[in-house]
Amino acid sequence: MRVSRSAILFILGVLTIFFLGSSYALWFNNDLIPFTATSGELPTPLAAATAGAEDNPPNAVRLTVMETGIVAIKAEQLADAGLSFDELSSTSFSLTHNSQEVPFLIHGDTDSPTLYFYAQASDNRLEPLSVYMLRSGQGTAINSRDASPNGPGSTSGYHLFKWEEDRFFVQHAGGDDVWMGPSRMAPDKWTYRLDEINVDTGLAELTLHLFSNREGPNDPDHHVVIQVNEQTVANHAWDGIQHEIISVPLVDGILNAGDENSITLLIEDKSNISSETIYINELTLAYQGPLSLDKGQITFTSDADNIVINDVESDALVFDITNHEAPVYLTNVQTVNDSVHFSGSNVRSEYI
């Protein structure tokens, strides 16, 4: 019996719909755990929640994180997600990430407490979501340290600004990072304007992550010039198809304090390679600047004995996250007018 081509295509179409429907059902019925999303600045609300049946409330929620920072979840938000509990505490809930315990803090009014924890975004481009599980059981309370200030404090710290834009999938890039930012074909230039940072000294370090997608007869066959505020700070060359990381220390006077700064990459055509393309994958700038909460939560490092953060509109929570897996909550910080004062740990430490 001869089967027509249209009949075969129809049968394949029905089978495709069947298997896609089965996959959809499996994905959205994973242990009947509601899917909960988090995003934004501190405090971070639950953006969405799907609860189980009212007569069979879930004993866990899945928290999906896309940005690194302190996540804040109110007790009533968990209740709205369908989670049943009598008390929000480390004795009644366990928070895990990749099956590892994550310490958390319960803080705020007794009638409306808030759960805080330090979340880390995924660094795997193939798995962009970082999932935390909050379920019934014995958990881990965050450690604390008395941070009562004992003298005048430093109002400056070390910051890290990072820019990355996953725009193009470059399969032959290799490694874990195959998503690239904007591309430029030589000769050309790319400029990024920095208006998000506030520098109080010119000392800094600029790092660019690039990818070259062509190889020619010249060695080296790729040449770029890096400029900061139209001043040349590096002239760099390399060879072949590969990821290239360029780190440039910036001397005092290069960066504009309290003003906009520009980073320019000049891609020179010296290789005689047809269609030579350079991808700008990542830009980071480590710099020293004032400590201020005028734009929300901040992350910085400091080795000062005492630290002062300005532009605080209300009581602030401070964490020492030097060990990302075991953050420490700083108690007895003092709020004076619009500033928060606390003691450091006498060594270079990371705070949020």
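Tell me, how many Å apart are the Cα centres for segment 315-351 and for segment 112-132? When both Cα centres are located, 21 Å separates them.
Counted by Cβ distance under 15 Å from VAL336, the other residues give a net charge of -4, where Lys and Arg count +1 and Asp and Glu count -1.
Using alpha carbons only, the radius of gyration of segment 286-352 set against its Kirkwood radius gives Rg/Rh = 0.93.
For segment 73-180, applying the loop criterion from DSSP together with a ceiling of 16 other beta carbons within 10 Å to the chymotrypsin sites (Phe, Trp or Tyr not before Pro) yields PHE85.
In this structure segment 308-352 gives 49 Å² per residue of accessible area when probed at 1.4 Å with all protein chains present.
The orientation-averaged projected area of the convex hull spanned by the Cα atoms of segment 206-352 comes to 11.5 nm². Rolling a 1.4 angstrom probe over the protein heavy atoms with all chains in place gives segment 54-129 an accessible area of 53 Å² per residue. For LYS189, a cut-off of 16 angstrom between C-alpha atoms picks up these aspartates and glutamates, skipping any fewer than 8 places away in its own chain: GLU230, GLU268, ASP269, GLU276, GLU282.
Between THR322 and GLU260, the C-beta separation translates, for a Förster distance of 41 Å, into a calculated FRET efficiency of about 0.80.
If you take all other residues with their beta carbon under 12 Å from the beta carbon of ILE241, and give Lys and Arg +1 and Asp and Glu -1, the sum is -4. Solvent-accessible surface of segment 251-300, averaged per residue with a 1.4 angstrom probe and all protein chains in place: 41 square angstrom. Is segment 135-205 best put as rounded, prolate or oblate by its Cα gyration tensor, with a ≥ b ≥ c the root eigenvalues, rounded for a/c under 1.5, and otherwise prolate when a/b is larger than b/c, oblate when not? It is oblate, given that a/c is not under 1.5 and a/b is not larger than b/c. Between THR191 and ASP338, the C-beta separation translates, for a Förster distance of 51 Å, into a calculated FRET efficiency of about 0.90. With the cut-off at under 19 Å, measuring from each backbone N in segment 293-315 to a point 7 Å along the Cα-to-Cβ line of GLU67 picks out 293-301, 312-314. Counting 0.36 nm for each residue step from LEU160 to SER314 and taking away their Cα separation leaves a gain of 53.0 nm.
Shape index of segment 100-249: Rg/Rh, with Rg the Cα radius of gyration and Rh the Kirkwood radius from the inverse mean 1/r over Cα pairs, equals 1.09.
The values are calculated or read from the model by the stated rules, or taken from the named source; none is laboratory data. Computed from a predicted model, the values in this text were never measured in an experiment. Positions of Cβ are backbone-derived with ideal geometry, glycine not excepted, and every protein chain shown enters the neighbour counts. Areas reflect the complete protein model, heavy atoms only, side chains present, ligands, DNA and RNA absent. Shrake-Rupley method; radii C 1.70, N 1.55, O 1.52, S 1.80 Å.
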